[in-house]
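One structure below.
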Amino acid sequence: MAEPCEPEPVKRIVAVLWACAQARDEALLELQKHWGPADYQSPDFPFDVTDYYQDQMGRELFRRLVSFEQLVSPDCLVPDKLLCNALENRFRTSQGRRLVNLDSGYLDHNKLVLASAKAAGQKIYVGQGIWADIQSRYRRGRYEPFEWTFPDFRSTRYDEPLRHIRQLYLQQRRQLLHRG
């Protein structure tokens, strides 16, 4: 019989979807106040594979992937998403339009998980109205998507940033294992 054990630490990430660069920058500064310094920020990618957020955020949207220096327990998923939701609400226009969308989550050596406040068949409830949504698994040198993976994550546009973040994670993980 296997005994319960503590999980390995994971690499905290946020996929920032933004319509306003100032809101993006202010939200990232606020996240760094809570989570510590970011150790990687991808280039900004056009968010052009779906119009899902068009009514809420407008037409010209971009996505940036950001990882944070400190490794954390995967149980950060719930408090991280609640913080991100609060920040999203803070950065709304007076008409209610969203200026930034913050998809928090984590990656480890074999998967990418994002938090969600919406239920779906593949998502696992983790508490306080938040579900864990596994977006991809690491195989054959990349995070391979599933049929439910967000369309922009299904494309190959984020392969290099995710590979870079994974390398940062593996290096930090090795350092932790050698210290422990």
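Values quoted throughout were computed directly from the atomic coordinates according to the rules given, and no laboratory measurement underlies them. Predicted model, so just to flag it, every value in this text is computed and none were measured. Counting neighbours? That spans all protein chains shown, and the Cβs are built from the backbone with ideal geometry, glycine included.
About the centre of its Cα atoms, region 1-111 shows a dipole size close to 440 debye [charges on the beta carbon of Lys, Arg (+1) and Asp, Glu (-1) only; nearest 20 debye].
If I histogram all Cα-Cα distances within region 10-179 using bins 10 Å wide from 0, what percent of pairs lands in each bin? Per 10 Å bin, starting at zero, the Cα-Cα P(r) for region 10-179 comes out as 10, 39, 40, 10, 1, 0 percent. Pairs of Lys residues in the chain, spaced 8 or more positions apart or belonging to different chains, with C-alpha separations under 20 angstrom: 9 in total. Over the residues of the chain, the helix contribution to mean residue ellipticity at 222 nm works out to -10000 deg cm²/dmol, using -39500 (n - 2.57) for each DSSP H run of at least 4.
Using C-alpha pairs under 8 Å with a sequence gap of at least 6, the mean separation divided by the residue count of the chain gives a relative contact order of 23 percent. Here region 68-180 is treated with +1 on each Lys and Arg Cβ and -1 on each Asp and Glu Cβ, and its dipole about the Cα centre works out to around 140 debye. Highest GNM mean-square fluctuation among VAL14, VAL78, VAL49, for the chain modelled with Cα contacts below 10 Å: VAL49.
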